[in-house]
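Following: one structure in structure tokens, then a few remarks.
The values are calculated or read from the model by the stated rules, or taken from the named source; none is laboratory data. Please read all numbers here as calculations on a predicted model, not as lab measurements. In this analysis, Cβ positions are derived from the backbone assuming ideal geometry, glycine residues included, and neighbour counts consider all displayed protein chains. Surface accessibility is based on the protein's heavy atoms, side chains included, excluding ligands, DNA and RNA. Shrake-Rupley method; radii C 1.70, N 1.55, O 1.52, S 1.80 Å.
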Amino acid sequence: MYFPKENLPKERVQNLLKFCKKLNIKFKNLSLLDLALHHRSFCNENHDFAHANNERLEFLGDSVLGMATAAFLYVDMEENPEGDLARIKAAVVSEETLAPISAKIGIDNLLILGKGEEMSGGRKKKAILADALEAIIGALYLDSGWKSAQKFVLELIAPEIRAVQENRAHKDYKTLLQEWFQKRSKSFPIYETIKRTGPEHDQTFTVTVRLAEKTFGPATGKSKKEAEQNVAKITYEELTKNAEV
């Protein structure tokens with residue numbers, strides 16, 4: 001379900017077109033782009049639009065983003081093993097990377113939020129910003145096909161890939177912890193969400209991580225992904241503090 005273009009306010013249409021022009025993208029069906037910017041908090045407060053949120057587009061866009069990034073890395077780093085490609089991919093498709101990109105290109109100003117989410121600072125929340133960017137990628141894929149979506153993704157992500165390759169980007173502590181642990185065991189870190197507090201539009205997640213028989217944490221975050229990264233960071237730094245990685 002999405003909003004027909006003719007039902008969009010004129011000012012909304014103009015703002016969406018300006019956004020597209022700035023990023024050099026085109027939508028034949030502008031309502032898909034509009035839908036990609038509707039957070040579920042708006043739909044929860046407006047029952048006539050109960051299913052008109054961006055979560056399905058986000059699901060699709062996440063896969064398109066991952067595929068475009070993986071294909072680029074496969075060609076760009078033909079001499080590197082799979083582990084290097086996986087590490088860089090995990091870093092650049094993460095919430096920590098996507099949220100600043102989203103804010104930089106102006107997605108925060110176009111979001112449609114519920115009143116509660118708006119009041120709690122939803123336009124600045126990393127999870128909402130990252131999810132909206134993925135939803136736009138999914139919408140562009142549906143509207144204009146793979147090549148257009150791939151081009152859009154790489155224009156945003158390729159500079160982030162270069163930053164990781166040059167060790168200028170944020171560290172992906174989940175990947176670092178997994179690589180460290182797998183050198184010493186045949187197991188994977190196991191993350192567990194032990195608590196979830198706050199209203200639907202402003203939740204805080206509390207997460208622990210278990211390595212073999214030992215549990216580390218907890219740590220918190222405004223999304224499950226952020227909480228997992230935070231507990232991975234604490235754990236990795238504790239384990240490697242007095243030892244060689």
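Out of Ser94, Ser102, I need the residue that is among the hydroxyl-bearing types (Ser, Thr, Tyr) and at pLDDT 90 or above. Which one?
Of Ser94, Ser102, the one residue that is among the hydroxyl-bearing types (Ser, Thr, Tyr) and at pLDDT 90 or above is Ser102.
Please identify the pairs in which a residue from segment 119-135 that is in contact (Cβ under 8 Å) with a residue 12 or more places away in the chain has its Cβ atom under 7 Å from the Cβ atom of a residue that is open to solvent by 30 Å² or more (accessible area, probe 1.4 Å) and aliphatic (A, V, I, L, M), counting only partners at least 6 apart or on another chain.
Leu129/Ala103
Here is a list: Ala86, Ala135. Which entry is open to solvent by less than 30 Å² (accessible area, probe 1.4 Å) and of a type outside the set (Phe, Trp, Tyr)? Please lay out each step first, then the result.
Numbers: Ala86 fails: open to solvent by less than 30 Å² (accessible area, probe 1.4 Å).
Only one candidate qualifies: Ala135.
Scan (1) closer than 23 Å to Ala227 by Cα; (2) out of contact with any Lys or Arg (no Cβ under 7 Å at 6 or more places or on another chain) for the single condition Leu37 breaks and write down its number.
Only one criterion is unmet by Leu37, namely (1).
Residues in segment 48-62: is at least one of a type in the set (S, T, N, Q) and either open to solvent by 50 Å² or more (accessible area, probe 1.4 Å) or more than 18 Å from the chain's Cα centre (by Cα) (or both)?
Among the residues of segment 48-62, not one is of a type in the set (S, T, N, Q) and either open to solvent by 50 Å² or more (accessible area, probe 1.4 Å) or more than 18 Å from the chain's Cα centre (by Cα) (or both), which makes the answer no.
In segment 161-185, how many are surrounded by 13 or more Cβ atoms within 10 Å (Cβ to Cβ) and in contact with a strand residue (DSSP E or B) (Cβ under 9 Å, 6 or more places away or on another chain)?
Adding up the residues that qualify gives 3.
Restricting to segment 186-245, count the residues that are in a loop (DSSP other than H, G, I, E, B), open to solvent by 80 Å² or more (accessible area, probe 1.4 Å) and either polar (S, T, N, Q) or touching a residue at least 12 places away in the same chain (Cβ under 8 Å) (or both).
The number of residues fulfilling the criteria is 4.
Checking Ala149 against (1) open to solvent by 50 Å² or more (accessible area, probe 1.4 Å); (2) at pLDDT 90 or above; (3) under 19 Å from the mean Cα position of the chain (by Cα), only one condition comes out false. Which one?
All conditions pass for Ala149, except number (1).
I'd like to verify a number: residues in segment 30-46 that are among the polar types (S, T, N, Q), open to solvent by 10 Å² or more (accessible area, probe 1.4 Å) and under 14 Å from Val13 (Cβ atoms), how many?
Residues that pass the stated criteria total 0.
Restricting the search to segment 1-29, which residues are modelled with pLDDT of 85 or more, among the hydrophobic types (A, V, I, L, M, F, W, C) and open to solvent by less than 40 Å² (accessible area, probe 1.4 Å)?
Leu8, Val13, Leu16, Phe19, Cys20, Leu23, Ile25, Phe27
Would you check if there is a residue in segment 112-120 being touching a helix residue (DSSP H, G or I) at 6+ places or on another chain (Cβ under 7 Å), closer than 16 Å to Gln229 by Cβ and either open to solvent by 40 Å² or more (accessible area, probe 1.4 Å) or not small (Gly, Ala, Ser) (or both)?
No, the conditions are met nowhere in segment 112-120.
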